[in-house]
Amino acid sequence: MTQRGNHFLRPLISVLALACIAAGCATQGPWGPEPSAFEHGGSDRTSIFDAVPGRSALASGGTIPADRVDGDFPGGYNVAAGPHEALFVLGGVLGARNFSGLPYVSRVDAGSLERVWTTDLVTRRPAWSYPGLVGVLRDGGVVAVAGRSMVRLDARSGAITARTELPAGAAPDDTAYNGFIALHDGRLLAKSLHRPTGCRIDGFQAFLQCQGPQENSRLVLLDPVTLRVLQTVELSEPVGGRITSIRKGATDEIYIAGADNVFRFRYAGRRLTPDPAWGPIRYRENGETTGAAVTAFGPYVVVQTNASPSGDPVRLTVISRSNPNERYSVQPFATRRGARSFSPSKPTTDWANRRIYVVERFGGSVALDFSPGRGLRVAWSAPERSINFTALYGAPEDRLFVQTEIMEGDPPDNPLLYRADRIVFRNPSNGDVLAGTAPLAPAPGLNVTPGKAGVMWFLGVEGSLFRVAYARSTR
């Protein structure tokens, strides 16, 4: 373990926290109490943050300022929030310019914007550096994954309190784990992905620049405190996107978008088992490419195609969780048939308002209304293009839709490359732009992460972290 910065506080794991994990503490949920303890708000990946200020709190229209945090976080991927104004940044996992260091987690004080500590997660850079995840669990522990290494850190000191090397495939140098979820009883579930054997390209670029077969992925169930591997399940397809969990009573439904099909597993009695009565369900057609993560949508789930570039339009499919034969499909950018298509981010879903939001690299943005028995129709569309995750802030009647807009430079050969992103705040009812920031650093494939008091955090891949005070009370 290597630590940098202020790490004078002693490592500590709370006895009460351990008791909470042992007992299940199901009523508290698996993640910490802060809105952005996990990258999409919860393991169901809706990207709804209803505990933060919504549309009525938005500052007056025009340009909302963004303050850059002093210091760089090179190769940064995601930000997670813990108690006492703690922010945790996972970095060193993207191909940032002039960065050849190790994957790390930094703690930043959200009030002073000062870095508290930085801990290197590994002693040797992974053969394949791929965006993993940092998250804050309900007991206050900080867990991160980078490459095949999963670590648990003490939130106060940055000390590593547990570590495990996750199972490799036949080619360990071509294996990485792109994040994890927490199940209702607090246990963790991670999923492997594999680049074509022999590829030497880091990050998501490996799937754009390397051709060839990929190994099938695996699910790995872990204890959240010791990180001991409890169960490993081999899947029948390669899985590029992340995994999703929806709680149903004492069971977690685990949804996985494979290369061609959506699968469901059940987690009950502390074991993972496949659910062949529900799937597999083929979700892509013709020249469409594989999808990103499945997203919960009330009694349904949503999956879309083209997480890697395609010549066919994005297809979005809604599937009933109780009746897999009840499905609805639409191509919201169908008028662009034959043009380039690329949408590596999952949709944002709002069951309370029966609406789904999709962004696309070349096609723009769209909101879709859903009605059981009738299917999907376009509510509004807009020209702003993006490949980043979108989010909804605020209560159901006061939603604020937050997305990024690509600020293009020269026409790119690589769809991940462009000049800058700016943040756009919309009225989700009609798509009207209410406010926005000036152009910021590019952040392809990243999140717009809310704080709890009308503040959001935006992490650019070259190492910049911005604080955006979007609500009136914070300005």
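The values are calculated or read from the model by the stated rules, or taken from the named source; none is laboratory data. Nothing here was measured: the structure is a model prediction, and the numbers come from that model. Cβ sites come from the backbone with ideal geometry, for glycine too, and all protein chains shown count toward neighbours. Side chains are part of the model used for accessible areas, which takes the heavy atoms of the whole protein and leaves out ligands, DNA and RNA. Shrake-Rupley method; radii C 1.70, N 1.55, O 1.52, S 1.80 Å.
Some points to look at:
- Residues in region 434-449 include none that are within 20 Å of Thr349 (Cα to Cα), surrounded by fewer than 17 Cβ atoms within 10 Å (Cβ to Cβ) and not β-branched (Val, Ile, Thr).
- Scanning region 417-438 for residues that are under 22 Å from Arg355 (Cα atoms) and in a strand (DSSP E or B) returns Ile423, Val424, Phe425, Arg426, Val433, Leu434, Ala435.
- Failed item in (1) assigned to a loop (DSSP other than H, G, I, E, B); (2) farther than 24 Å from Gly29 by Cβ, with Val262 passing the rest: (1)
- Scanning region 265-287 for residues that are touching a residue at least 24 places away in the same chain (Cβ under 8 Å) and within 22 Å of the chain's Cα centre (by Cα) yields Phe265, Tyr267, Tyr283, Arg284.
- Any hit, region 208-219, residues being touching a Phe, Trp or Tyr at 6+ places or on another chain (Cβ under 8 Å) and modelled with pLDDT of 90 or more: yes
- Residue match in region 335-349 (condition: within 20 Å of Ala296 (Cα to Cα), surrounded by 14 or more Cβ atoms within 10 Å (Cβ to Cβ) and free of Cβ contacts under 8 Å to residues at least 40 places away in the same chain): no
- Complete set of residues in region 294-309 that are in contact with a Phe, Trp or Tyr (Cβ under 7 Å, 6 or more places away or on another chain), closer than 17 Å to Arg282 by Cβ and either of a type in the set (A, V, I, L, M, F, W, C) or at pLDDT below 95 (or both): Val294, Val301, Val303
- Taken over region 60-104, the criterion of being part of a loop (DSSP other than H, G, I, E, B), open to solvent by 10 Å² or more (accessible area, probe 1.4 Å) and modelled with pLDDT of 85 or more is satisfied by Gly62, Pro65, Asp72, Pro74, Tyr77, Pro83, His84, Glu85, Leu102.
- Looking only at residues in region 373-397 that are open to solvent by less than 10 Å² (accessible area, probe 1.4 Å) and among the hydrophobic types (A, V, I, L, M, F, W, C), the one that is farthest from the chain's Cα centre (by Cα) is Leu392.
- Looking only at residues of region 364-397 that are of a type in the set (Asp, Glu) and outside any strand (DSSP E or B), we find that the one that is farthest from Ser56 (Cα to Cα) is Glu384.
- Within region 235-280, the set of residues being among the basic types (Lys, Arg) and surrounded by fewer than 20 Cβ atoms within 10 Å (Cβ to Cβ) comprises Arg247, Lys248, Arg266, Arg270, Arg271.
- Of all residues making up region 112-148, the number that are more than 17 Å from the chain's Cα centre (by Cα) and of a type in the set (A, V, I, L, M): 5
- Test result for Val314, surrounded by 22 or more Cβ atoms within 10 Å (Cβ to Cβ), assigned to a loop (DSSP other than H, G, I, E, B), of a type in the set (Val, Ile, Thr) and touching a residue at least 40 places away in the same chain (Cβ under 8 Å): yes
- Tally of residues being hydroxyl-bearing (Ser, Thr, Tyr), touching a strand residue (DSSP E or B) at 6+ places or on another chain (Cβ under 7 Å) and not in a strand (DSSP E or B) across region 439-475: 3
- Looking only at region 398-416, and only at residues there that are in contact (Cβ under 8 Å) with a residue 24 or more places away in the chain and outside any strand (DSSP E or B), the one that is nearest to Thr46 (Cα to Cα): Arg399
- The residues in region 265-287 that are of a type in the set (S, T, N, Q) and in a strand (DSSP E or B) can be counted, and the count is 1.
- Candidates Leu417, Leu400, filtered to the one that is surrounded by fewer than 19 Cβ atoms within 10 Å (Cβ to Cβ) and not charged (D, E, K, R): Leu417
- Residues that are open to solvent by less than 10 Å² (accessible area, probe 1.4 Å), touching a strand residue (DSSP E or B) at 6+ places or on another chain (Cβ under 6 Å), part of a loop (DSSP other than H, G, I, E, B) and without any contact (Cβ under 8 Å) to a residue 60 or more places away in the chain, drawn from region 288-310: Glu288, Gly291, Asn306
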